[in-house]
Amino acid sequence: MASQTIFEEHPEIAKLFPDLHPPLTRQAAVIESDRCLNCFDAPCTSACPTHIDVPRFIKKIASGNLQGSALSILDANVLAASCSRVCPVEVLCEGACVMHRYNKQPIEIARLQRHAMDTFHAKGGSLPMKSDIERPGKIACLGAGPASLAAAAELRQQGYQVTVFDKRPLPGGLNTYGVAEYKLPTSSSLREIQLIADLGVEFRFGIEIADEAALAELEREFDVIFLGVGLGAMQKLVVPGGDHPAVVDALKFIEEYKLGLKTKVVGDVVVVGAGNTAIDAACAAKRLGANSVRILYRRTEEHISAFDFEYEHARHEGVSFDWLTQPVAVHSFDDGLSSIECVAMEIGADGSVKQVTGSSFHIKCDLVIPAIGQSPLLEFLSKFRDLKMDKGCIVVDRATGQTTDPKYFAGGDCVNGGREVVDAVADGKRSGVAIAELLEGAHV
Ligand SMILES: Cc1cc2nc3c(=O)[nH]c(=O)nc-3n(C[C@H](O)[C@H](O)[C@H](O)COP(=O)(O)OP(=O)(O)OC[C@H]3O[C@@H](n4cnc5c(N)ncnc54)[C@H](O)[C@@H]3O)c2cc1C
């Protein structure tokens, strides 16, 4: 996968973003795995969208069989290394752990999974093939994010020829370009994807499939196409002055520091929005040296979409929150920003928010980071005439991921509107299995 040579690690970034949940030592992993009750009904497994057999892999760690543990995890989730670091486990496997019922700490499933996966990678493990014959059938995956990677790995492991296209120079989608560095360093995302490339999946980078001609070409070359294109650009802050160069959307800001293009932030930063992306951007600005970081949100604390643990993390990092605050203009000097003008908001009895008359005030700032959601790829998806869409998301058969155009399958953010890495992986794998069944039927 030639593109990886263009990514260089940046030690100064690594120093600023140490692991949020550091790895377990071998001894700690054995002690922690011994606490697992190996529940027969495994609520942790049911809570995982990829249904990793949690008791099984933990038992193997306890018995010292780390290779077997990793292979059992990978069987369910090919991006298990990144999922062990980025999954919101508090609301998934660890949230479902029966230890809660006994008022005990849940088993540290994510750190145990990371232990198994880190050891697997350190020992140069490789993904097993599931078939020893090459099967007829060529599949194109559009986008090299978690959804396409999971679909590609499953299909290749079953012996099909798979090509993954991405408009960017590096694979991984938001795993590589978006997820906070203290959860998943870019280099770890790329290392995991190398295993998929080593299976024989072909990657073509820097190729944007954007028009009908490119699609027609793809349809000629491939039997089935999987759409794992994610969501589009971030929504703009539409206020006077919102197009100033010192107004930088959260995805661009995060991508720049992850790639080492931005290593320092000076002055006061204002982040607009209170979802997980806003939290990631705010924490990063603080770590990169911002004097102060404030998150502005038009509603109140109980309405934010960020997970509770992300919110607590931001407070711990020194980020402050301004509730019931809406930006109305960005003001600048010749050489930079001066302030963001805001108004106070109030929530009516019917739950609607409205501006408080005459409440305008200014917050001094040098950088504004809007984090107010990604838009769907409406223009791109409108090129597929036979795809049914619902509120900007591709409609699929939930059991297979097949779209209303039988040649196309889809999964991940472009189907669910933006969830988690593990959901994209689950979608991709499900489609991989269904595409293999379809092709097998077509060639008997
Ligand atoms: C800032 C941020 C932080 C996040 N943090 C977490 C987290 O901590 N934990 C977690 O579980 N989830 C997190 N998520 C969500 C998670 O990253 C996504 O749910 C997941 O990456 C979706 O995977 P995907 O494959 O559907 O799409 P993506 O990861 O978006 O990948 C889509 C790929 O398609 C490519 N593409 C798009 N259009 C085309 C085209 N026309 N031609 C060629 N290529 C194309 C793109 O370049 C991209 O590489 C975060 C999201 C964001 C925005």
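Each value in this text was obtained by applying a stated rule to the coordinates, not by laboratory testing. Because the structure is predicted, anything quoted here is derived from the model rather than measured. We place every Cβ from the backbone using ideal geometry, glycine too, and count neighbours over all the protein chains shown.
Here are the numbers for this structure:
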{"quantity": "Distance violations [Cα-Cα > 29 Å] among LYS252/LYS391; LYS130/LYS407; LYS264/LYS391; LYS130/LYS252", "calculated": "LYS264/LYS391; LYS130/LYS252"}
{"quantity": "Summed residue charge, Cβ within 11 Å of VAL201's Cβ, Lys/Arg positive, Asp/Glu negative", "calculated": "-1"}
{"quantity": "For the chain: span of alpha carbons on each principal axis (Å, largest first)", "calculated": "72, 58, 47"}
{"quantity": "Segments 358-365, 166-173, 89-96, 281-288 sorted - mean Cβ within 10 Å per residue, highest first", "calculated": "281-288, 166-173, 89-96, 358-365"}
{"quantity": "Cut-off 15 Å between beta-carbons: net charge of the residues surrounding PHE7, Lys and Arg +1, Asp and Glu -1", "calculated": "-4"}
{"quantity": "Mean Cα-pair separation over length for the chain, i.e. relative contact order, pairs under 8 Å, 6 or more apart, %", "calculated": "17 percent"}
{"quantity": "Considering only the chain, percent of DSSP beta bridges that pair antiparallel, nearest 5", "calculated": "40 percent"}
{"quantity": "Length released on extending from SER375 to LYS236, taking residue separation times 0.36 nm less the Cα-Cα span", "calculated": "49.1 nm"}
{"quantity": "Long-range HN-HN contacts of ILE295 with modeled amide H, under 5 Å", "calculated": "VAL271, SER320, PHE321, ASP322"}
{"quantity": "Residue-averaged [θ]222 nm for the chain, counting only DSSP H segments that reach four residues, each worth -39500 (n - 2.57)", "calculated": "-10500 deg cm²/dmol"}
{"quantity": "Ranked by how many other beta carbons lie within 10 Å on average, peptides 132-139, 223-230, 44-51 from highest", "calculated": "223-230, 44-51, 132-139"}
{"quantity": "About the Cα centre, charge dipole magnitude for segment 250-370 (Lys/Arg +1, Asp/Glu -1 at Cβ), debye", "calculated": "220 debye"}
{"quantity": "Global geometry of segment 288-444, whether rounded, prolate or oblate, following the gyration tensor of its Cα atoms and the 1.5 cut on a/c", "calculated": "prolate"}
{"quantity": "Charge dipole (debye, nearest 20) of the chain; +1 at Cβ of Lys and Arg, -1 at Cβ of Asp and Glu", "calculated": "820 debye"}
{"quantity": "Å³ per residue enclosed by the Cα convex hull of segment 147-219", "calculated": "90 Å³"}
{"quantity": "Residue-wise HN-Hα coupling along segment 322-334, computed from phi with Karplus coefficients 6.51, -1.76, 1.60 (Hz; x: Gly, Pro)", "calculated": "10, 7, 6, 10, 10, x, 10, 6, 10, 10, 9, 8, 5"}
{"quantity": "Relative contact order (percent, whole number), segment 1-97, Cα cutoff 8 Å, 6+ residue spacing", "calculated": "27 percent"}
{"quantity": "Furthest towards positive pole of dipole, CYS93, GLN326, ASN276, structure part the chain, Cβ charges", "calculated": "CYS93"}
{"quantity": "Inter-part distance where segment 147-212 and segment 35-52 are each reduced to a Cα centre, Å", "calculated": "28 Å"}
{"quantity": "Built amide H within the under 5 Å cut-off of THR404, gap 5+", "calculated": "LYS388"}
{"quantity": "Full-extension gain in nm, MET129 to ASP350, via 0.36 nm per residue minus C-alpha separation", "calculated": "73.9 nm"}
{"quantity": "Extension gain from GLU202 to THR300, taking 0.36 nm per residue of separation minus the Cα-Cα distance", "calculated": "30.5 nm"}
{"quantity": "Cα-based shape type of segment 2-122, given that a ≥ b ≥ c are square roots of the gyration tensor eigenvalues and the cut on a/c is 1.5", "calculated": "prolate"}
{"quantity": "Segments 412-424, 320-332, 374-386 sorted - mean Cβ within 10 Å per residue, highest first", "calculated": "412-424, 320-332, 374-386"}
{"quantity": "20 Å tail of the calculated P(r), segment 250-370, as % of Cα pairs", "calculated": "43 percent"}
